[in-house]
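For reference, the structure discussed in these notes is given below.
The values are calculated or read from the model by the stated rules, or taken from the named source; none is laboratory data. Treat the numbers as computed from the prediction; the structure is a model and nothing was measured. Every residue, glycine among them, receives a Cβ derived from its backbone with ideal geometry; neighbour counts consider all protein chains shown. Remember, those area values only see protein heavy atoms, side chains included, never the ligands or the DNA or RNA. Shrake-Rupley method; radii C 1.70, N 1.55, O 1.52, S 1.80 Å.
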Amino acid sequence: MTLPLLFTYQECPVTEMKRRALEFYEEMRRRRTVRDFSDRPIPEGVIENCIRTAATAPSGANIQPWHFVVVRDPSVKQRIHEEAEKIEHDFYTSKATRKWVEALRPLHTGPSKPFLKTAPVLIVIFAELYGLLPSGEKVKHYYVKESIGIATGMLISSIHHAGLVSLTYTPYKMGFLNKILSRPVNEKPFMILVVGYPAEGAVVPNITKKPFEEIVTYV
Ligand code: IYR
């Protein structure tokens, strides 16, 4: 039995609390998903500290059911690019429903995914659906989707806080990532987080967030 640890809570004065909450909101509301990337390299150690932050996320039974593959090798990016564009072509020409394509129209997306080759880093996030003992025995994992969603949110926030941009990219089918990146069967690709600097003159869609009153109810 491990003993409980005294929690080192640092209370901050009310005025400072209010200022910090507002300042963090002001910082986070500037985050945008970017699809046009520069090939500028990312300074050493930045990605690592962002992943360290993501890994502080709460998770079901503290199982931490995630694995992050940092792809920098141009030949690996090239393979991911090739596979993803094949899948996207299939998606946009036959798999996507008319409604789905309609919903995507404001985002100006399409089957071409040059950012997979241009961006300096792709973080491929895998969800550990269950644990796998050396004997081959499976170990139950809890609330995997919730856990990985929280960790990914923290990763996106850390990247923004560090001054870089990201794109949450999910090809229609992602099984090819296990093959290319040699990940085991208990891991399911959750997302490719494309990370880097925006291309010069990068544009973003003119979209808005729902009004606060619409998303919150007080009782
Ligand atoms: N994976 C495709 C389609 C796509 C789907 C959703 I839902 C988006 O929010 C954005 C795109 C693509 O990346 O083009």
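Observations
- Test: residue in region 150-170 that is open to solvent by 60 Å² or more (accessible area, probe 1.4 Å), farther than 26 Å from ALA119 by Cα and touching a residue at least 24 places away in the same chain (Cβ under 8 Å): no
- Region 126-162, residues that are assigned to a strand (DSSP E or B), out of contact with any Leu (no Cβ under 9 Å at 6 or more places or on another chain) and of a type in the set (Phe, Trp, Tyr): TYR130
- Qualifying residue in region 124-134 (condition: surrounded by 13 or more Cβ atoms within 10 Å (Cβ to Cβ), within 16 Å of the ligand (Cβ to nearest atom) and either modelled with pLDDT of 95 or more or of a type in the set (Ser, Thr, Tyr) (or both)): yes
- Reported count of residues in region 135-149, each being surrounded by fewer than 17 Cβ atoms within 10 Å (Cβ to Cβ), over 17 Å from the mean Cα position of the chain (by Cα) and in contact (Cβ under 8 Å) with a residue 40 or more places away in the chain, is 3.
- Pairs linking a residue in region 76-94 that is more than 15 Å from the ligand (Cβ to nearest atom) to a residue that is open to solvent by 20 Å² or more (accessible area, probe 1.4 Å), with Cβ atoms under 6 Å and 6 or more positions apart or on different chains, are LYS77/LYS117; ARG79/ILE180.
- Exactly one residue among ARG72, ARG29 is modelled with pLDDT of 95 or more and more than 22 Å from PRO189 (Cα to Cα), and that residue is ARG29.
- Flag for PRO111 being open to solvent by less than 70 Å² (accessible area, probe 1.4 Å), within 15 Å of the ligand (Cβ to nearest atom) and modelled with pLDDT of 95 or more: yes
- Within region 143-165, the only residue that satisfies the criterion of being within 16 Å of the ligand (Cβ to nearest atom) and touching a Ser or Thr at 6+ places or on another chain (Cβ under 7 Å) is ILE156.
- Residue match in region 172-184 (condition: within 16 Å of the ligand (Cβ to nearest atom), within 23 Å of ARG32 (Cα to Cα) and touching a residue at least 40 places away in the same chain (Cβ under 8 Å)): yes
- Flag for LEU116 being under 20 Å from the mean Cα position of the chain (by Cα), in a helix (DSSP H, G or I), touching a residue at least 40 places away in the same chain (Cβ under 8 Å) and within 14 Å of the ligand (Cβ to nearest atom): yes
- All positions within region 31-47 that are free of Cβ contacts under 8 Å to residues at least 12 places away in the same chain and under 14 Å from the mean Cα position of the chain (by Cα): none
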